[in-house]
Structures are given as C-alpha cells and as structure tokens.
Amino acid sequence: MATSKSVVVIDTSILCVWLKVPGLETCGPDDDRWDFTRVDQDIKHHIDAGCSLILPLTTVIETGNHIAQAPGDRHPIAAQLGKVMTKAADEESPWAAFSEQAGRWSAENLKKLAQKWPPLAARKLSIGDVTIKDVADYYAAMGCKVRLLTGDQQLAAHQPPPPPLIPRRRK
C-alpha cells in the first residue's frame, strides 16, 4: 500500500449501525449520536474521497456475535455481513484485504497483546478495541492517513495521529 493513502478503519459499533442490527441501530453518546443515515453518508464521503475501507477481523467477529444474538430474523443481516466480508476478502474496491492484517494474529503479536492488554482492561478498554486500535496503528505506521470510524469515545481517543507533512523542496 502506498504511503499517504487514506484508510478508514471501521469499528463494530459503526458496522452494526450500518447493517441495521436490531438493538444496535445507533451508537455514540447523546451529543454525538450515529444512526444509519449518518454512518452511510460518512462512509460514502470517504469512498468518494478515494479512501480504502478497512474491516478488522475483530469487527467481523464482534458484529457476527451481535447479529447472532439479535432479536428477529437474523439471516438477512448475516447475509449482508457475509457480502461485506467477501468484498473485503476479494479486495473489491473500496475494501482493503484481510491479508494485510494476518501478521496482527501471529504468535508473537498475541503474546504482546497478552502483555499489554491487562493494564488497558483496567482502564476499561476491551481486548477487541485494542486489536482494532492495533490495526489502525499498523496502517498509520505504513504512512497512511487513518480515520478510526467509531461511535465509541474511548476507542476514538486512540485515533492515530496524521502522518507527518514532508515539506516540498524549492526549485
């Protein structure tokens, strides 16, 4: 992936709203509420701007769990998630591939996660949020401009900083 690329890392809270999972049709605090219209418009804006959408494996698992526990007819929503997963797996634009995240789940990285998560858990940061944050940090380290799209203020506080500006040389 080229540097200065813009990516949007989608959190579980946003994906649940976008898929209209029953009981999870909104997210965020009262003064910054996300509903389907806002999520859909924001994602379309990023797609129109040429951003790649990043679907962390944690987001897929957590969203799947929420769908499986939702009331009503879960099949159509599960099928929608399946379509999104397939597009991401196939790198169908604007989705980035899962394969770039494979290293995040290596034995070495799982051991690092095991060490760094307990103090974060004490501050109420879930293991899912930590792994989503790690995906955002991975793309930031590659020089990408990263937007962590979430309704969770605690996770949003871990938004990676923008890549440093490289001044142009004068001719």
If only one of ILE67, ILE77, ILE47 is surrounded by fewer than 17 Cβ atoms within 10 Å (Cβ to Cβ), at pLDDT 90 or above, in a helix (DSSP H, G or I) and of a type in the set (A, V, I, L, M), which one is it? ILE47
Going by the structure shown, is LYS111 out of contact with any Gly (no Cβ under 9 Å at 6 or more places or on another chain) and either under 27 Å from VAL39 (Cβ atoms) or among the aliphatic types (A, V, I, L, M) (or both)? no
Of all residues in the stretch 136-152 being assigned to a loop (DSSP other than H, G, I, E, B) and in contact with a strand residue (DSSP E or B) (Cβ under 6 Å, 6 or more places away or on another chain), which is surrounded by the fewest Cβ atoms within 10 Å (Cβ to Cβ)? GLY151
Just to be sure, is LYS133 more than 19 Å from VAL17 (Cβ to Cβ), among the basic types (Lys, Arg) and crowded, with 18+ Cβ neighbours inside 10 Å? yes
Using the structure shown, decide if VAL9 is closer than 26 Å to LEU110 by Cα and in contact (Cβ under 8 Å) with a residue 60 or more places away in the chain. yes
Only one of these conditions is not met by VAL84: (1) in contact with a helix residue (DSSP H, G or I) (Cβ under 6 Å, 6 or more places away or on another chain); (2) under 19 Å from LYS20 (Cα atoms); (3) crowded, with 19+ Cβ neighbours inside 10 Å. Which number is it? (1)
Top-ranked residue in the stretch 1-15 [being part of a strand (DSSP E or B) and more than 25 Å from ILE67 (Cα to Cα); ranked as nearest to the chain's Cα centre (by Cα)]: VAL7
Here the residues within the stretch 87-108 that are at pLDDT 85 or above and either within 19 Å of the chain's Cα centre (by Cα) or under 29 Å from ILE43 (Cα atoms) (or both) are LYS87, ALA88, ALA89, ASP90, GLU91, GLU92, SER93, PRO94, TRP95, ALA96
Just the residues that are under 16 Å from LEU155 (Cβ atoms) and acidic (Asp, Glu), please, taken from the stretch 1-41. ASP11, ASP32
Pick from the stretch 16-37, criterion part of a helix (DSSP H, G or I) and touching a residue at least 12 places away in the same chain (Cβ under 8 Å), ranking: surrounded by the fewest Cβ atoms within 10 Å (Cβ to Cβ): ASP32
Residue that is nearest to SER52 (Cα to Cα), among those in the stretch 91-135 that are part of a helix (DSSP H, G or I) and basic (Lys, Arg): LYS133
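The values are calculated or read from the model by the stated rules, or taken from the named source; none is laboratory data. As the structure is a prediction and not an experimental result, all values here were calculated from the model. As a convention, Cβ positions derive from the backbone with ideal geometry for all residues, glycine included, and neighbour counts pool all protein chains shown.
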